[in-house]
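Asker: For reference, the structure I am asking about is given below.
The values are calculated or read from the model by the stated rules, or taken from the named source; none is laboratory data. Being a predicted model, the structure only gives us computed values, none of them experimental. Note: ideal-geometry Cβ built from the backbone for every residue, glycine included; neighbour counts use all protein chains shown. Just the protein is used for accessible areas: all its heavy atoms, side chains included, with ligands, DNA and RNA removed. Shrake-Rupley method; radii C 1.70, N 1.55, O 1.52, S 1.80 Å.
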Amino acid sequence: MSDTRTAASTQPARREGSLRIIRRGLALSPAITQGWRHTVLLALLGTAGSSLVPIVVQRSVDSGLGDTQGGVESGRIVLVVTLAAVLLLISGVASWAAKVRIFTGTERGLTQLRVRAFRHVHDLSMLTQNTQRRGSLVSRVTSDIDQISLFLQSTGMILVLSIGQMLVAVVVMAVLSWELTLVVLAVFVPLVLSLKFFAERMSVAYDRVRQTVADLLTTIAEPVVGASVVRSYAIEARTQQRIDDAIQTNYRSNVKAQTIVSITFASAILIGGLANAAALGVGVWLGVVGGLSMGTVIAFIFLITLFVGPAQMATQVITEAQNAVASWRRVIELLETPADVVDPGPAGTSLPTGDLGARFAHVRFAYPDGPTVLDDVDVTIAPRQRIAIVGETGSGKTTFAKLLTRLMDPAQGTVSLGRDDEWADIAQVSFADLRRHVVMVPQEGFLFDSTLAENLRYGRRSATDAELVAAIGDLGLSDWFEALPRGLQTRVGQRGESLSAGERQLVALVRSALADPAFLVLDEATSAVDPQTELRATRALEVLLDGRTSVTIAHRLSTAENADRVLVFDAGRLVEDGSHADLVGAGGVYQRLHASWVAQASLGLDAPAGTLTS
Amino acid sequence: MTALDNLGGTDTTDLTRRGLRVLGVGIGRQKALFSLSIAFSVLFGATTVADAWVLGWATDHVIRPSFADGDVATGALVAGALLFVSVALLRMIGVVGRRLVGGIVYYRLVAGDRRRVTRKYLQLPMSWHQSHPTGQLLSNANADVEAIWMVFMPLPMAIGVIAMLVVAVVTMLVADPVLTLVGLVVFPLLFVLNVVYQRRQGPRMAQAQSLRGDVSAVAHESFDGALVVKSLGREDEETARFAGVSEQLRDANVAVGRVRAVFEPILEALPSIGVLLVVLLGIGRIESGATEPGDVVQIAYLFTIVAMPVRAIGWVLAELPRTVVGWDRVRGVLDDPTRFPYGPADLPGSGPVGLRTEKLGFAYEPGEPVLADLDLEVQPGSVTAVVGSTGSGKSTLASLVTRLVDADEGRVLLDDRPVTEVEHGALAAAVALVPQATFLFDDTVRSNITLDADLDDDTVWEVLRTVQADRFVAALPHGLDTQLGERGTSLSGGQRQRLSLARALVRSPRLLVLDDATSALDPDVEQRILRALAERSQSGGPTVLVVAYRKATIALADQVVHLAHGRIADRGTHAELRERSAAYRDLVDAYDQARQEVDHE
């Protein structure tokens, strides 16, 4: 359904540099960078501790520990060691403080971002958050944020600390001997240059692993989710073969990725060995010809260890950093997708209390870069009128309903609500006010995994238990309600699946009654439910519609027959408008639709049983 | 440590013991490769210590003589450099081998158990599947299997580290027994601190993980219900609800971070403290001539390179509780004794089969029968509709006659042969069930219909025409070769149901059972399909048993069976039942009745 995406998300926003993404990500979560100067200072102090040991070694060796002939200046060494111990303590405390600040700051900042992204999804129009994208919207506020948090707190922190550690080490090395520093750095250059190559290979390998995991999960679901199909068609062998294949493919891709990871990880060790050899050779030579101290040469070997660890992790860090930036980019793109249906907020006009009618003035609707779905609709609905909307799939009837509830905005023209001389363009009405007056009852009665009472309170949050029971009674559903063993405390299950489809519709009706809107928009259910529930729903709906303006997307003959007025849509245009009686013989679209309905419905009533088989 | 204990329901020592026993099982399964990974790991451990020894040797034989003489000791220098490089090379080989072979061991163990668990799923009967939540079964084959064997990732390294520590202590003893004492204090302390750290962290991490699940659940639900949220103007409340769980997750993550912030600096500082102690004690040792400076340097260096690997032991211990929990869950599936044997008999003939049930009884919960005392007779080649309100036992009847489940009482007979005596393949060839919930494979349209049976495209297209699916399939990007599912084309509910019907019809079944299998279709499409089906039956096609709501469907049947509370309330033609049964009229006319009431107001 690429045509139902907004322009903003179809043009995968300019590929921006990672640094810019990080900068904007940080700007969106100010808590992360709050007091960063202190954090960086503390972190630097913390990493400085790792360079203490080589310095102590250098000092001690040069103070006689390495040269037994000259005598040991034990006083000096004790002083150096004591000083180092104190500094080690300070750096440890600094490291603790830095980490606490980083963890607290990133978590606070990312939680802000998470909640903001969540809210933004609800602010997007139905057009943007269509069903296809729902799963990926969930990952924006879950796994994407988790990925960023994981990166900032482990690999990202290791990256920053390693850079700090290496910077301190380079400074210490340069102070001890700039010549030897250059030698050591030169050995590490090839490793740094090969990082990009390895990181690319690694990310390709990981992509492949992720793909095989997805396949594996789907295939493993076959004998579980499709158990009855597998059993009744006796295709156990075929299913097992598919699973074994998926397992094997996944295994191979894992081993391949593991090979690349192992080699890159270990190559730093070899480089470390080469650096040691170079430092030893050049150091000794410099010592003999240039007066480098013995302690400095040994200290260099200690300092080299500070490079090996980060070098081992480097490719891993790069791969994870790419993933985290990609996640960050996705979250930022979501937040930057404009909420194309904008809430004017408290500043907006308010609707008159009491009865409401609706007016479409030359309304046209088209999906961005898509075909026109609704064109030049011009119609006024009087207060308390009962309207049925009729048309084939794709005629524009659902779009009409969505425009009426402002789930989408028209491309041209205006939709207004009101009566007599008091009309308000619904684009100017605050959401809070609009939702109080106009409620849409969707086809599927979606319920939240909670109690019946909580679900009913989605209609009116302040309702007491007694009011809930009263609303159920008003719709004539007491007998159904009393049969529920736990009453209002009944758990409805995920998506309400502990209740039948028909019962979910009943709950949705009571919920709408509690909201008590002046104007109702209904999308009639198409799927068959059991007849008793169907009967209850029909009666309840009758009570609900009484005294309100209603627009129903009709899938049933009787709904159209019983409406005050029928609006017939065809290919995006309002083609017929009148009562059932007016239209049924008018020779238009309605007459044709009605005839096919009658043909279906009458089969059961008129045709003798078994006609078609005997 | 209470949360950890709860994981296994036992105390910590028992958990560790059981965890070690699982390790034993895994090692037994991959003996050769595991031994190889250990060999590599020991190589790594030994060469790590050797690295420090090379520095000590170079100090005494290259650096000191050169500085003392003011002349480069060339021979020794070359030897020292070569030693550094070759030890590093061996160390690298050790690391590559350990990580690669260790990884292979892990992936093999996981693959092996995935095969075991899925084979078991294919053997266990439907009744077992119905009594276990889907999510749990999927996680048994995925996350739980991984949880058991994850410990094998750090295990070779941990064992190599133990070897390394032994070698380290030995070389230290050789170098200087007094300085070794520092090692004997620092190494065990590192180990103990690691264990304490992991044990503290475990429950906090588990808590954060479970909250991550909560956050995801709220987001899923809220976005799924977006239309309700929007149309009732509940955005603020939903955001508050999401912020609530998000903040709990934030606090849990911060709690994990606080423990990390305390332990990590201590674990990093401990080896440094060891070096300082070695230097301090070293002064006295060198002054008294008991030891050489090279030995002091070697031992100090040893501390800096041994510290990191020691953590691997902590990682293994941290994994053990997950290992035990995963193992228990997976064993729960593998050790399930439920069996569902098929008989050896064939179903001779090729025309429609007759179906009969005798005193059929079934209950999901003891004492609450869903079906009782049910005698049903369906003539070969006839169409029977089963009607009844929700919970009357219609779907149960459908799965009993197709032998997805077995009856508690009585029996089902096909052409007078009890279904329990029929061979699995013969039963599947004769009987096709189209269930209420459609399941499509992540595969092509063709494979979804033929299920890889040898059927030509003409046959497939003919069936697609019967179920009114030929037009939309032809319009798919690659026709029959179009990939469906996750990363393929997604179909509407009605289209899916039609493919599911085609799958049943294409094998020309001798008994076709439709369990409310047309509910997502437009009434006129449903009508056309059912008529075509009825025509097939008439001309030697299958015997049909259809669970239905819509009157138009019922009208096509030769016989209607009205189920109420698990028993047959009445049977006969639609006209007969309408004539004599008020309950039946109420049931099938409910819809129209409602409309009439509306009209009378």
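Asker: In whole angstrom, note down how far apart the Cα centers of segment A:463-482 and segment A:302-379 are.
Answerer: 40
Asker: For B:His61, what accessible area in Å² do you get when you roll a 1.4 Å probe over the heavy atoms of the protein chains, rounding to the nearest 10?
Answerer: Counting only protein heavy atoms, the figure is 90 Å².
Asker: For B:Lys359, give me every one of the lysines with a C-alpha distance below 24 angstrom, ignoring sequence neighbours fewer than eight places off in its own chain.
Answerer: Filter leaves B:Lys394.
Asker: While we're on this one: Summarise the accessible area of chain B (1.4 Å probe, protein heavy atoms) by the percent that is carbon and sulfur.
Answerer: Roughly 55 percent of what the probe reaches on chain B is carbon or sulfur.
Asker: To the nearest 10 square angstrom, how much accessible area does B:Trp327 have with a 1.4 angstrom probe?
Answerer: Answer for B:Trp327: close to 50 Å² accessible.
Asker: At a 1.4 Å probe, what is the % contribution of carbon and sulfur to the accessible area of segment A:17-336?
Answerer: 67
Asker: Can you tell me the 0 to 90 degree angle between the C-alpha axis of helix B:12-29 and the longest principal axis of chain B, rounded to 10?
Answerer: Here the helix axis deviates by roughly 80 degrees.
Asker: Among DSSP bridges having both ends in the protein assembly as shown, what percentage is antiparallel? Round to the nearest 5.
Answerer: 55
Asker: Can you give the accessible area per residue of segment A:357-606, in Å², using a 1.4 Å probe?
Answerer: Ligands and nucleic acids excluded, the figure is 39 Å² per residue.
Asker: Moving to a separate point now. By DSSP, what percent of the beta bridges with both residues in segment A:357-606 are antiparallel, rounded to the nearest 5?
Answerer: The answer is about 55 percent antiparallel.
Asker: Separate question: Over what distance in Å are the Cα centres of segment B:153-194 and segment B:263-305 separated?
Answerer: Spelled out, the Cα-based centre of one part sits 14 Å from the other.
Asker: Output the 0 to 90 degree angle, nearest 10, between the alpha-carbon long axis of helix B:155-175 and the longest principal axis computed from the alpha carbons of chain B.
Answerer: Rounded to the nearest ten degrees, it is 10.
Asker: Computed on protein heavy atoms with a 1.4 Å probe, what is the summed buried accessible area for the chain pair A and B, in Å² to the nearest 100?
Answerer: That pair hides around 14100 Å² of surface in total.
Asker: Also: Across peptide A:164-173, how many C-beta atoms of other chains are within 10 Å of each residue C-beta, on average?
Answerer: Mean shielding by partner chains, rounded to a whole number: 0.
Asker: Still on this model: Can you give the calculated 222 nm mean residue ellipticity of the protein assembly as shown, where each DSSP H run of n ≥ 4 adds -39,500 (n - 2.57) and the sum is split over every residue, rounded to the nearest 500 deg cm²/dmol?
Answerer: Computed ellipticity for the protein assembly as shown at 222 nm equals -21000 deg cm²/dmol.
Asker: Kindly provide the Kirkwood hydrodynamic radius of segment B:361-430 in Å, to one decimal, from all pairs of distinct alpha carbon atoms.
Answerer: One over the average 1/r among Cα pairs gives 13.2 Å for segment B:361-430.
Asker: Can you give the accessible area per residue of segment A:165-279, in Å², using a 1.4 Å probe?
Answerer: 41
Asker: A further question follows. Would you list A:Lys99, A:Lys256 from the most to the least accessible area, probe 1.4 Å?
Answerer: Greatest to least solvent exposure: A:Lys256, A:Lys99.
Asker: Okay, next question. Heavy atoms only, 1.4 Å probe, whole protein assembly: order B:Thr482, A:Thr104, B:Thr134 by accessible area, highest first.
Answerer: The ranking, largest first, comes out as B:Thr134, A:Thr104, B:Thr482.
Asker: Using the Cα centre as the reference, give the magnitude of the dipole from point charges on the C-beta atoms of segment A:357-606 (Lys, Arg: +1; Asp, Glu: -1; all else neutral), rounded to the nearest 20 debye.
Answerer: With Lys and Arg at +1 and Asp and Glu at -1, about 440 debye.
Asker: I'd like the orientation of helix A:294-336 relative to chain A: the angle between its Cα long axis and the longest Cα principal axis, in ° from 0 to 90, rounded to 10.
Answerer: 10
Asker: For q values of 0.07, 0.08, 0.11 Å⁻¹, compute log₁₀ I(q)/I(0) with the Debye formula on a Cα-only model of chain A, without solvent.
Answerer: Debye intensities relative to I(0), on a log10 scale: -0.69, -0.81, -1.17.
Asker: Shifting gears a bit: Roughly how crowded by other chains is peptide A:242-252, in terms of the mean Cβ count from those chains within 10 Å of each of its Cβ atoms?
Answerer: Average per residue, whole number: 4.
Asker: Put +1 on the Cβ of each Lys and Arg and -1 on the Cβ of each Asp and Glu in the protein assembly as shown; which of A:Ser203, A:Phe431, A:Val469 then has its Cα farthest toward the positive end of the dipole?
Answerer: In the protein assembly as shown, that residue is A:Ser203.
Asker: Mind ranking A:Arg495, B:Arg339, A:Arg364 by accessible surface for me, highest first, 1.4 Å probe?
Answerer: B:Arg339, A:Arg495, A:Arg364
Asker: Run down the lysines and flag those whose C-alpha is under 24 Å from the C-alpha of B:Lys31, throwing out any fewer than 8 positions away in its chain.
Answerer: Within the straight-line limit of under 24 Å, B:Lys31 reaches these lysines: A:Lys256.
Asker: Using all Cα-Cα distances in the protein assembly as shown, what percent lands in each 20 angstrom bin from 0 up to the longest?
Answerer: 10, 32, 30, 18, 9, 2, 0
Asker: Note down the accessible area of B:Phe40, probe 1.4 Å, to the nearest 10 Å².
Answerer: 50
Asker: Computing the accessible area with a 1.4 Å probe over protein heavy atoms, can you report the carbon and sulfur percentage for segment A:445-590?
Answerer: 45
Asker: Below 8 Å, C-alpha to C-alpha, sequence gap of six or more: please give me the relative contact order for chain B in percent.
Answerer: Relative contact order here is 15 percent.
Asker: Evaluate peptide B:74-84: per residue, the Cβ atoms of other protein chains within 10 Å of its Cβ; return the mean as an integer.
Answerer: 4
Asker: Which order, highest average first, do B:454-465, A:76-87, A:478-489, B:251-262 follow once you tally other Cβ atoms within 10 Å for each residue and take the mean per peptide?
Answerer: Taking the mean over residues of other Cβ atoms within 10 Å, the ranking is B:251-262, A:76-87, B:454-465, A:478-489.
Asker: Please tell me the relative contact order of segment A:357-606 in percent, rounded to the nearest whole number, where contacts are Cα pairs under 8 Å and at least six residues apart.
Answerer: About 27 percent, as a whole number.
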